[in-house]
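Working notes for the structure below.
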C-alpha cells in the first residue's frame, strides 16, 4: 500500500515542486559565510538550471531581488515562453532562515495554487558576476533537488561560468542535470 501511494504521490509532488527527484535525503551543504544580502539584491540572469516544470520552455529568464516594506525580500521572476513569445512574471517572498548573515532563505510564491516554502541556499557568489543556488526538499525516502547558476550578465564570460562550475564540483552537485537557459534575442529592457 505504501509503495502504491508513493508511486501516485511522486509525480504530483514532482510536478508541484518542479525539481529533479533523488533517492535519499537532501545533502547538507555549507552556504556563503557572512552573506551580505544588500550586495546580492538586484537583477540576476539565469545562465543554467536543473529542469523545472514551472520554467518549461522559458527563455530570457531573470530574477530581481529587492526589499519589500516589511524587510522581507521581494522576488520577481520573469521569463518569455520560447513557444508562444508570451512574457510571464511570478512574484514571491524570501525570508532568512537562521542567522541574518547566513545565505539561506525560505521562498514562497503566494500566487501558486499550492503555497509552500522552498529552500533557497546560496552556495557561493562573488555578488558581481555569479551565484550558485541550491534547493532541496525531503519527502520521506526521497528528495527533490534543484540548482541554478545565476549571473549578472545576460552573456557571462567563460571565466565566470568556470568559477560557477568549480563550485558545483566542490559540492559534488551533478552538472548532468543542468540545462542552459536561452538568453538570446531577449528584449533590451527586460
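Bear in mind these aren't lab numbers, they're just calculated from the coordinates by the rules spelled out. Treat the numbers as computed from the prediction; the structure is a model and nothing was measured. Neighbour counts run over all protein chains shown; Cβ positions are idealised from the backbone, glycine included.
Fewest to most neighbouring Cβ within 10 Å: what's the order for 157, 108, 135?
Working: 157 12, 108 16, 135 20.
Going from sparsest to densest Cβ surroundings: 157, 108, 135.
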Residue separation between residue 100 and residue 34 times 0.36 nm, minus their alpha-carbon distance, gives in nm 22.9 nm
For the pair residue 41 and residue 127, the simple spin-label estimate (label points 7 Å beyond Cα toward Cβ) gives in nm 1.3 nm
Sorted largest first, the Cα spans of the range 2-180 on the principal axes come out in Å as 48, 38, 38
Exposure-ranked with fewest Cβ neighbours within 10 Å first, 75, 179 stand as 179, 75
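What FRET efficiency, computed as 1/(1 + (r/R0)^6) with R0 = 30 Å and r the Cβ-Cβ distance, is obtained for residue 158 and residue 56, rounded to the nearest 0.05?
Details: r = 28 Å, r/R0 = 0.92.
For residue 158 and residue 56, the calculated efficiency is 0.60.
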Listed with the fewest Cβ neighbours within 10 Å leading, 56, 35 appear as 56, 35
